[in-house]
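Q: Here you go, one structure.
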Amino acid sequence: MKTFVQHNLFYIIFFIGFIGFSQTIEVCGDCTITSLKEAIRIAKDFDTIVVKKGTYKAHDIVIDKPLTIVGENYPVIDGELKGEIITIISDNVTVDGLFIINVGTSYTEDYAAIRVRKSKNFVIQNLVLEKLFFGIYIEKSSHGKVFHNKVIGDAVEEYNSGNGIQLWYSHHVEIEHNYIEHVRDGIYLEFSDDCLIKNNVSALNIRYGLHFMFSNDDTYQDNTFENNGAGVAVMFSKKIRMYNNTFKENWGTASYGMLLKEINDSEIIGNTFEENTIGINIEGSNRIIYKHNNFKNNGWAIKVRGACYTNQFVENNFLYNSFDIAYNSKVNDNVFDKNYWSNYTGYDLDKDGIGDVPYRPVKLFSYIVNRTPETIILLRSMFIDIIDFSEKVSPVFTPDNLMDHHPQTKKVTW
Amino acid sequence: MVNIEGLHKKFGKNHVLSGLDLTINEGGIFAVLGPNGSGKTTLIKSILGMVIPDKGDISVLGKNIKKKSEYRHQIDYLPQIANFPSNLKVRELIKMIKDLRQNTDTDLHLIKLFKLEPFLDKKLGTLSGGTKQKVNIVLTFMFDSPLIILDEPTTGLDPISLIRLKDLIQAEKAKGKTILITSHIMSFVEEVSDEIVFLLEGKIYFRGTISELKTKTNQPDFEHAIASILTDNHA
Amino acid sequence: MLKILKYSFFDLMRSRWSYVYFAFYLLLGVVLLFLNNDLSKAVITLMNVIIVLVPLIGTIFGVMYYYNSKEFTELLLAQPLKRSSIFLGQYLGVALSLSISLILGLGIPFVFYGLFESSAIWDFSLLLVTGTFLTLIFTALAFNIAMSNENKIKGFGYAILLWLFLAIIYDGLFLMTLIMFEDYPLDKVSLIGTMLNPIDLSRTLILLKLDISALLGYTGAVFKQFFGTSFGLIISFVMLAIWVALPVLRIVFKSKKKDF
């Protein structure tokens, strides 16, 4: 124990010593040093490089020592579409306040505006990225922060565009207060665990606002996903905590507020799903808790595609969705309980706030629409109401044990 | 006054009027008679433009009436069954008809004549059949048109009103108007009409004065004369 | 025509039935608001009710008014008035008084509940516009039926059948057709099928407002163009206008030919 403290103390003193002797190097058009590359070359470890306002044409800038690079009044780093612009390969690097544009596009290499490779303790903040391929690419790195950046892409097609913020084999990264739009995936995590994604806005992206693949134990909360091809896709991951996010207006044929595929043991709490074609699309996902979410004005609040077991949908509000729940099988192993359903037409004679008749959220018509999509045009027709009613009385096509036995008569509050 | 040439009208398979020609001269009272279904009402309605003829021409005051409505300014019509919008008050109905045609003060006199003052603020739906008929008469006679058409004018009238009606008809005649009447009450017809037309199966069977009819049928009174036409034709 | 309209309208405004309908809509509005405690939800429920009920009321009331005012019509026919103005006047009188019953009956409770401060106001306005269109259409259809049938019972029968067909049976056949031919591209067919039924058409307008998220889930390009742009809204309103115009034209046409 004692040796551990001593060991660390040594490092701390060592570190403070460095700060004490660290220099500031200025880069500007008529300074002695006119390029960032040159500044990095002559800088010593833990120096600060201040880049003054101006336009600097450069690409393949490699930061190979622990430096702090700060832009003053957003200097422009123009990559002239020639390739990657900044690559960080050292620990303890901070990049702050740059305006980076014109990343090269390639079909063989993922050029990024700024890449962190095999590094720790990095901070990337206050950047503005435009005309990019990939934005911020974090590769085999950890314990970093991506804070308050703005990524504005101009992606049109999926195949020739990159992601706004991408994590690959990285862990313990915090992504906060970023704004990302018009890229392929706003934020993409692959094989990245223990990350925190908080307070970001990801909008108008071609594919997903946020995308998880093979990433576990991550948390994302208080984010807004709006108008994306699909809001959030969570695939082949487990123990993901999804709290208080907003998923809005993700419209389209294959468009979801949230897509869950092969997800286990996760929590979805306090989120708002509003005006999405499908609020949550679930496939092969087990032991997930859905609680205190608002599903409002969605086409389908929840679409269950099969192989979903022991999930719990408790105390959510289902408000004015065209369809509350769609199931494509007759088997149900999930629990629906104590939710508020605006489509509930039962009564509460004993006034305990719980409807006296169970609610069946799956309608026959959703089964028909699943089979023949054009029939959607008959939604809200009286004929459909009649067949839905008869199905409700004696279920033939829909799971007969799928019921909320305690439908609330007032909106659930928390 | 009214000139009808080759009038044909079918309702379904039923030939109601088949090639009827009729000229009604100006002035005098003219009765259209005939058994049920002989085409009396159809004839009258054709003149009024309520029934559209299949064939033939009708002119009123020298003008062809086809697809026209203005000529009806020259006609006062008393419909057979007076069933008015039941929510209207009598006063409002009179006002409305005036509004639709033209303004006149004659109605005040007529209302007094038929003692309708107490009913003016009653809704038409609450009136008895006779009172409705009186209102009907007021509506017809309050305008000063050269041609008056009365379809069963006596329906539901009490004796006093009947006398008043006859007086009214005579007064209009005296003004030189042409009056066309249909009625089942033979005594009434005999009393008022100058000339009759007897319709049978859509054609004119007889036209002339009542005395000519009596001579033709060899019957002492009008009612029997009519009856004999019917029995002869049905035998 | 305006005079006839005026008199028919005042006549109806004074009749028991207008109050019955007014009271009915008023009650419906109040009950829905009371039960739901929520403006948006009440508007949705109301939409479901309106597209079925308004046509029924329009049809029945139109037929009833026509038969009941037969003698009045004859009285008018003897007056120096154009036939078409008599019938158009009566038709508009009925349609307008029904529309006013609808608009006031539903409007009053919602306004008191705070409609003007609510985001549901557009949905509600759309609801009233659609309701008015349906009233115009179905009253005109009712007049057509009544003018073509002297027999009251037959007229009522046909009117009810018409409603039943357009409100329910049509959709049943429509659904069967779509399911039977599900292997073919059907988006055009389904849109055309909708246009041919005024109740479906009104429903579509409501779907555009309430269920746009669900509608955009379907792949068809025609569907997308229809629902994804203002194109659908415009076409629907044009079609509704045509649906008003056609039966009204037939009233004019028929009125010139008809015997009384």
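Q: Using +1 at the Cβ of each Lys and Arg and -1 at the Cβ of each Asp and Glu in chain A, identify which of A:TYR56, A:VAL95, A:THR253 lies farthest towards the dipole's positive end.
A: A:VAL95
Q: Take every Cα pair under 8 Å in chain B that's 6+ residues apart, average their separations, divide by the length, and report that relative contact order as a whole percent.
A: Relative contact order, chain B: 27 percent.
Q: So if I place +1 on the C-beta of Lys and Arg and -1 on the C-beta of Asp and Glu, and nothing else carries charge, what would the dipole magnitude of the protein assembly as shown be about its Cα centre? I want it in debye, nearest 20. Working shown, then result.
A: Values: 90 positive and 94 negative charges, 616 e Å.
Taking the Cα centre of the protein assembly as shown as origin, the dipole is about 2960 debye.
Q: Something else now. So what J values fall out for region A:23-34 if you push phi through Karplus, 6.51 cos²θ - 1.76 cosθ + 1.60 with θ = phi - 60°, rounded to Hz, Gly and Pro as x?
A: Values per residue, Gly and Pro as x: 10, 10, 10, 9, 10, 7, x, 10, 7, 5, 9, 10 Hz.
Q: Could I ask something else about it? Only Lys, Arg, Asp and Glu count, each charged at its Cβ (+1, +1, -1, -1), so figure out the dipole size of region A:105-165 about its Cα centre, rounded to 20 debye.
A: On the way: 8 positive and 7 negative charges, 108 e Å.
Dipole about the Cα centre, nearest 20: 520 debye.
Q: Grab the beta carbon distance between A:ASP400 and A:LYS120, set R0 = 56 Å, and tell me the FRET efficiency rounded to 0.05.
A: 0.50
Q: Can I ask one more? As a test question: what accessible area, to the nearest 10 Å², does A:ARG117 have when a 1.4 Å probe is rolled over all protein chains in place?
A: 90 Å²
Q: With all pairs of different alpha carbon atoms counted, what Kirkwood hydrodynamic radius in Å does region B:139-218 show?
A: Radius from the Kirkwood sum: 13.9 Å.
Q: With each pseudo-label sitting 7 Å past Cα toward Cβ, what's the A:TYR159-A:GLN312 distance in nm, one decimal?
A: Rounded to a tenth, the inter-label distance reads 4.7 nm.
Q: Given Cα pairs under 8 Å that are at least 6 residues apart, what percent is the relative contact order of region A:195-240?
A: Once divided by the residue count of region A:195-240, the mean separation gives 47 percent.
Q: Can you pull the accessible area of A:HIS292 for me, 1.4 Å probe, Å² to the nearest 10?
A: 40 Å²
Q: Along region A:333-343, what does the Karplus equation 6.51 cos²θ - 1.76 cosθ + 1.60 (θ = phi - 60°) give for ³J(HN,Hα), rounded to whole Hz, x for Gly and Pro?
A: 10, 10, 10, 10, 8, 6, 8, 9, 10, 5, 7
Q: If you don't mind, another one. Just report the Cα centroid separation between region A:332-375 and region C:1-62, whole Å.
A: 30 Å
Q: Moving on to the next point. For region A:206-352, what is the number of Lys pairs with C-alpha distance below 16 angstrom, counting only pairs 8 or more positions apart or on separate chains?
A: For region A:206-352, qualifying lysine pairs total 8.
Q: Right, here's the next one. List the aspartates and glutamates whose Cα lies under 18 Å from the Cα of A:LYS140, skipping any in the same chain that are fewer than 8 positions away.
A: Reachable aspartates and glutamates: A:ASP64, A:GLU84, A:ASP91, A:GLU109, A:ASP110, A:GLU174, A:GLU190, A:ASP193, A:ASP194, A:ASP217, A:ASP218.
Q: Also: Would you list, by chain and number, the aspartates and glutamates whose Cα falls below 15 Å from the Cα of B:LYS214, excluding same-chain residues fewer than 8 positions away?
A: B:GLU190, B:GLU191, B:ASP194, B:GLU195, B:GLU223, B:ASP232
Q: If R₀ is 25 angstrom, what is the calculated FRET efficiency for the pair C:ILE153 and C:ASN68, using the beta carbon separation as r and rounding to 0.05?
A: Calculated value: 0.95.
Q: Ok, one more. Please arrange C:GLU150, A:GLU80 by accessible surface area, largest first, computed with a 1.4 Å probe and ligands excluded. Please report the intermediate quantities before stating the final value.
A: Values: C:GLU150 100, A:GLU80 75 Å².
Accessible-area ranking of C:GLU150, A:GLU80, largest first: C:GLU150, A:GLU80.
Q: I would also like to ask the following. Ignoring ligands, DNA and RNA, what percent of the 1.4 Å accessible area of region C:155-199 is carbon and sulfur?
A: Carbon-and-sulfur percentage of accessible area, whole number: 80.
Q: Another question, if that's okay. Could you tell me which of rounded, prolate or oblate describes region A:22-107, using a ≥ b ≥ c as the square roots of the eigenvalues of the alpha-carbon gyration tensor, with rounded for a/c under 1.5 and, failing that, prolate when a/b is larger than b/c and oblate otherwise?
A: Because a/c hits 1.5 or more and a/b fails to exceed b/c, region A:22-107 counts as oblate.
Q: Continuing with the same structure: What size of dipole, in debye to the nearest 20, comes out for region C:182-260 about its Cα centre when the only charges are +1 on Lys and Arg C-beta atoms and -1 on Asp and Glu C-beta atoms?
A: Details: 9 positive and 6 negative charges, 124 e Å.
Dipole magnitude for region C:182-260 comes out near 600 debye.
Q: Follow-up. Rounded to the nearest 10 Å², what accessible area does B:ILE148 show when all protein chains are kept and the probe is 1.4 Å?
A: 0 Å²
Q: Now for a separate question. Build a GNM of chain C with springs between Cα atoms under 10 Å: which of C:MET147, C:MET239, C:MET176 gets the top mean-square fluctuation?
A: So, out of C:MET147, C:MET239, C:MET176, the one fluctuating most is C:MET176.
Q: To the nearest 100 Å², how much accessible surface do chains B and C cover up together, summed over both, with a 1.4 Å probe? Intermediate results must be reported in sequence, preceding the final value.
A: On the way: alone 11880 and 13350 Å², together 22780 Å².
The summed interface area works out to 2500 Å².
Q: Follow-up. Suppose a student asked you for the relative contact order of region B:113-228, using Cα pairs under 8 Å spaced at least 6 residues apart; what percent would you report?
A: 18 percent
Q: Next question, about the same structure. Given springs between every Cα pair under 10 Å in a Gaussian network model of chain A, which of A:ARG287, A:ARG371, A:ARG241 has the largest fluctuation?
A: The residue with the greatest mean-square fluctuation here is A:ARG371.
Q: Is it possible to state the helix-based mean residue ellipticity at 222 nm for the protein assembly as shown, with each DSSP H run of 4+ residues giving -39500 (n - 2.57), the sum divided by total residues, to the nearest 500 deg cm²/dmol? What is it?
A: -12500 deg cm²/dmol
Q: Could you check which residue among B:ILE181, B:ILE97, B:ILE24 shows the biggest mean-square fluctuation in a GNM of chain B with a 10 Å Cα cutoff?
A: Of the options given, B:ILE97 has the highest mean-square fluctuation.
Q: When a/c reaches 1.5 or more, the comparison of a/b and b/c decides; with that in mind, is chain C rounded, prolate or oblate per its Cα gyration tensor?
A: Working: a/c = 2.16, a/b = 1.35, b/c = 1.59.
Oblate.
Q: In terms of modelled amide H atoms, which long-range or inter-chain residues lie less than 5 Å from the amide H of B:GLY27?
A: Excluding prolines and chain starts, which carry no amide H, the hits are B:THR178.
Q: Could you put C:TYR21, A:TYR179 in order of accessible surface area, largest first, with the 1.4 Å probe and the full protein assembly present? Could the numbers behind the result be given before it?
A: Working: C:TYR21 30, A:TYR179 75 Å².
Accessible-area ranking of C:TYR21, A:TYR179, largest first: A:TYR179, C:TYR21.
Q: Right, next: Among the listed pairs B:LYS45/B:LYS134; B:LYS132/B:LYS175; B:LYS13/C:LYS152; B:LYS123/C:LYS154, which have their C-alpha atoms separated by more than 28 angstrom in this model?
A: Working: B:LYS45/B:LYS134 21 Å; B:LYS132/B:LYS175 26 Å; B:LYS13/C:LYS152 21 Å; B:LYS123/C:LYS154 30 Å.
Those over the limit are B:LYS123/C:LYS154.
Q: Using the Karplus curve 6.51 cos²θ - 1.76 cosθ + 1.60 with θ = phi - 60°, work out ³J(HN,Hα) for each residue of region C:5-14 in order, rounded to whole Hz, and write x for Gly and Pro.
A: The phi angles translate into 3, 4, 6, 4, 5, 5, 4, 5, 4, 8 Hz.
Q: Testing the spin-label approximation: label points 7 Å from Cα along Cα→Cβ at A:THR34 and C:LEU233. State their distance in nm.
A: Taking the two extended label points, one gets 5.7 nm.
Q: In region A:182-208, which residues have a backbone nitrogen under 17 Å from the label point lying 7 Å from A:HIS143's Cα in the Cα-to-Cβ direction?
A: Correct set: A:193-196.
Q: While we're here: Going by accessible area, probe 1.4 Å, with all protein chains left in place, what is the ranking of B:LYS68, B:LYS177, largest first?
A: The ordering from most to least exposed comes out as B:LYS68, B:LYS177.
Q: Chain pair C, A: how much accessible area is buried, both chains summed, with a 1.4 Å probe, in Å² to 100?
A: Buried area between the two chains comes out at roughly 3000 Å².
Q: While we're here: Could you name the aspartates and glutamates in cross-link range of B:LYS40, using Cα to Cα under 12 Å and dropping any fewer than eight places away on the same chain?
A: Cross-link targets: B:ASP151, B:GLU152, B:GLU201.
The values are calculated or read from the model by the stated rules, or taken from the named source; none is laboratory data. Everything numeric here is computed off the predicted structure, so don't read it as measured data. So basically every Cβ, Gly included, is an ideal-geometry build from the backbone, and we count neighbours across all protein chains shown. Calculation scope for accessible area: heavy atoms of the full protein, side chains included, ligands and nucleic acids excluded. Shrake-Rupley method; radii C 1.70, N 1.55, O 1.52, S 1.80 Å.
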